[in-house]
Amino acid sequence: MRLGINLGYWGAGMDADNLAVAQEADRLGYAVCWAAEAYGSDAPTVLSWVAAQTERIDIGSAILQIPARTPAMTAMTAATLDSLSGGRFRLGLGVSGPQVSEGWYGVKFDKPLARTREYVDIVRKAMTRERLSYEGEHWTLPLPGGPGKPLKLTVHPQREHIPLYIAAIGPKNLQQTGEIADGALLIFPSADHLEETAVSHLRAGREKAGKTMESFDVCPTLPLAVGEDVGALADMFRPYTALYVGGMGSRKQNFYNQLARRMGYEKEAAEIQDKYLSGDKDGAAAAIPQQLIDQTTLLGSVERIAERMQAYAAAGVTTLTLAPAGFTLADRVASLRAGTEALERAGLA
């Protein structure tokens, strides 16, 4: 099992330290550095900045939002970043959510699975540097009846095949991801529930495509905090968990709330959402069971974290991406080092 680092959203108050964190991860041998985007900074700009000042670590988008760009633009961005980084780019895609898609980008959030499949088809076809033509439900290239003509990508990517990941939570999305992608980006993963909530669906998609899980990258992101008081460490992540389980999306379309319910927290997930959407964010955070936080983070001593890493590896994780907590650069760097130490103690390095 390999380790990754997730820098999160640029502009979240730790910008000055993020480059130093990425550089330390590079020195420690982390496999990949991911950057996110929502409706603030964009991921490609951050990744190009990191790539220019690191040597070995891959750079990955977690995620490039599908409603934000045409598929041809994404192919251009992927080819450019792969070329500039010397073949270190990983393309992570996702549909985002209805509030961002429709509220920020003005793109209707409909048929996300079909839209994702077509998007991936076009990106991959463009990356082959063949002349691009496509007829689908959501995209037709070139536009019919006009002056457009099939064009081909002029940039030569460093590699013929750039690894493509999809952020997936629901069963149908996970199955399609297994079928059409090279890896899955997961959030709120519990090693205890990973088989039934994610891996079984990914495996079904791989089998549908006539493939196995052997070459597929199961890549969850977990917050990491090192210390002896697990309860106090868990409390650090109550606002984070409440935001996703309670407030991310609408009452009808909150993928993270649905995931918590599938993990057995149906009553608790409903209470968290009710409190959060009514404006009681503190109450929502207080209603989160410590066990839910502990199952979806890495908390405690290096020895305890090593045991949890073994459980994730046994559940099928191939790249474990860490989001180290800390209010200072020293705290985050110490967490990075603890991550590598835990991986070695677990016998997984």
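Just so it is clear, none of the values below were taken in a lab; they were calculated from the coordinates. Keep in mind that what you see is a predicted model, and the values were worked out from it rather than measured. Neighbour counts are summed over all protein chains in view; Cβ atoms, including those assigned to glycine, are modelled from backbone coordinates with ideal geometry.
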The simple spin-label model distance between Lys211 and Lys111, using points 7 Å out along Cα→Cβ, in nm, is 2.4 nm
Among chymotrypsin sites (Phe, Trp or Tyr not before Pro) in the stretch 268-349, those in a DSSP loop whose Cβ has at most 13 other Cβ atoms within 10 Å are Phe327
Counting every C-alpha pair in the stretch 238-296, the percent lying more than 13 Å apart is 50 percent
Rg/Rh of the chain (Cα atoms, Kirkwood Rh), to two decimals, equals 0.96
With only helices counted (DSSP H, runs n ≥ 4, each -39500 (n - 2.57)), the per-residue ellipticity at 222 nm for the chain, to the nearest 500, works out to -13000 deg cm²/dmol
GNM on the chain, Cα springs under 10 Å; top mean-square fluctuation among Thr45, Thr241, Thr319 goes to Thr45
Taking a crude spin-label model, label points 7 Å out from Cα along the C-beta direction, the Ala330 to Glu344 distance in nm is 2.2 nm
One finds, for Glu228 and Lys149 with R0 = 51 angstrom and r their Cβ-Cβ distance, a FRET efficiency to the nearest 0.05 of 0.20
Counting as exposed only GluC sites (Glu not before Pro) in DSSP loop states with no more than 13 other Cβ atoms inside 10 Å, the longest exposed-site-free span of the chain is 229-349
Placing each pseudo-label 7 Å from Cα in the direction of the beta carbon, Arg131 and Arg251 end up separated by a distance in nanometres of 5.4 nm
Close lysine pairs (the chain; alpha-carbon distance under 18 Å; 8 or more apart or on separate chains) counted at 12
Among trypsin sites (Lys or Arg not before Pro) in the stretch 111-143, those in a DSSP loop whose Cβ has at most 16 other Cβ atoms within 10 Å are Arg129, Arg131
Inter-part gap, Cα centre of the stretch 244-295 to Cα centre of the stretch 1-60, in whole angstrom, is 29 Å
Ordered by fewest other Cβ atoms within 10 Å, a rough proxy for footprinting exposure, Asp282, Asp182, Asp229, Asp82 read Asp229, Asp282, Asp182, Asp82
Taking alpha-carbon centroids only, the stretch 198-214 lies from the stretch 95-151 a number of Å equal to 25 Å
Length-normalised contact order of the chain, Cα under 8 Å, at least 6 apart, in percent, tallies to 17 percent
